[in-house]
Amino acid sequence: MERLNQTSSVTEFILLGLSSRPEDQKPLFILFLIIYLVTITGNLLIILAIHSHPQLHTPMYFFLSVLSFTDIWYTTTIVPKMLVDFLLEKKTISYAGCLTQMYFIYALGNIDSCLLVAMAYDRYVAICDPFHYVTIMSHQRCVLMVAFSCSLPHFHSLLHILLLNQLTFCDSNIIHHFLCDLSPLIKLSCSPTFVNEIVLMTEASAFLVTPFLCIVFSYIRILVVVLKIPSAAGKRKAFSTCGLHLTVVTLFYGSIFYVYLQPVSTYTVRDHMATIVHTILSSMLNPFIYSLRNKDLKQGLRKLVGRRGLQAATS
């Protein structure tokens, strides 16, 4: 009972956000509102284009549509709360609300990570074993890969939430961040955090590094095969199918490693920008990156927009 009373002494947290200056709040509100609307619109267009055009019904675009769907919810977990806080003088979040937000941030972020591995494997099979591509990347196998990618991260997220729920928060309730994250919350605890920090530096690191290493291994194998292609045109075509995915991987994992592969004690406000990159900006940029040099997706988007415009004109 004493333990419960101590834990319940903090019923809400105060999020300091990106800036404490009043004059910054409205410009930041407008900026992130635009980012949020662009993210939702871009990812919805990708999903609609893929599902409405038969030529895009392939494993690569199937994974991309699931990634876009996840990115919509990933951003929605974070940005609407930020927008509300920009308009409020006191930026509070309840204890339960904080843990809930953190749960979905970690679950959805790691779903993105697993989907990037699935997409890398798809490119590996397409280039390194093209004659068996249809057999290996069957619809059933793709669905199983997505099911695995969407279920495993929830156990990872639940582990950290359960461990965090064992900590006592009885002093400061000010989070130096714009969202609920493990490192700043662990720093607020007035009880021992050794187990949390060990799990964060081992299990969490392994959960981040393992998918990244799988992607690196896939692209090493791809590079070996591509370098053996005699024609320059063949090499350019092979690299073009992988370059966009590698751009997304670099943006996503680069910012994540910068934030999370460091001791909790070294976490500072400077990590906010890296957090914004992998939680908000990457979700906004993914539709643009994947459609930038992808002729099939560009054509699908043109047909989709043209069809919607024709329907609006005739209605």
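The values are calculated or read from the model by the stated rules, or taken from the named source; none is laboratory data. Just so we're clear, the structure is a prediction, and the values are computed from it rather than from any experiment. Heads up, the Cβs are rebuilt from the backbone with ideal geometry, glycines too, and the neighbour counts pull from every protein chain shown. In case anyone asks, the SASA skips ligands and DNA or RNA and just uses the protein heavy atoms, side chains included. Shrake-Rupley method; radii C 1.70, N 1.55, O 1.52, S 1.80 Å.
For this structure, a couple of remarks:
- Solvent-accessible area, 1.4 Å probe, carbon plus sulfur percent, for region 65-125: 72
- Sequence ranges 223-231, 103-111, 125-133, ranked by mean other-Cβ count within 10 angstrom, highest first: 103-111, 125-133, 223-231
- Accessible area of region 156-218 belonging to carbon and sulfur atoms, whole % at 1.4 Å probe: 72
- When each of LYS81/LYS187; LYS81/LYS295; LYS91/LYS187 is checked by Cα-Cα distance, pairs over 27 Å: LYS81/LYS295
- Unit Cα scatterers, Debye sum, region 139-243: log10 I(q)/I(0) for q = 0.14, 0.18, 0.19, 0.20 Å⁻¹: -0.76, -0.96, -1.01, -1.07
- Per residue, the chain exposes 50 Å² of solvent-accessible protein surface, assessed with a 1.4 angstrom probe and all protein chains in place.
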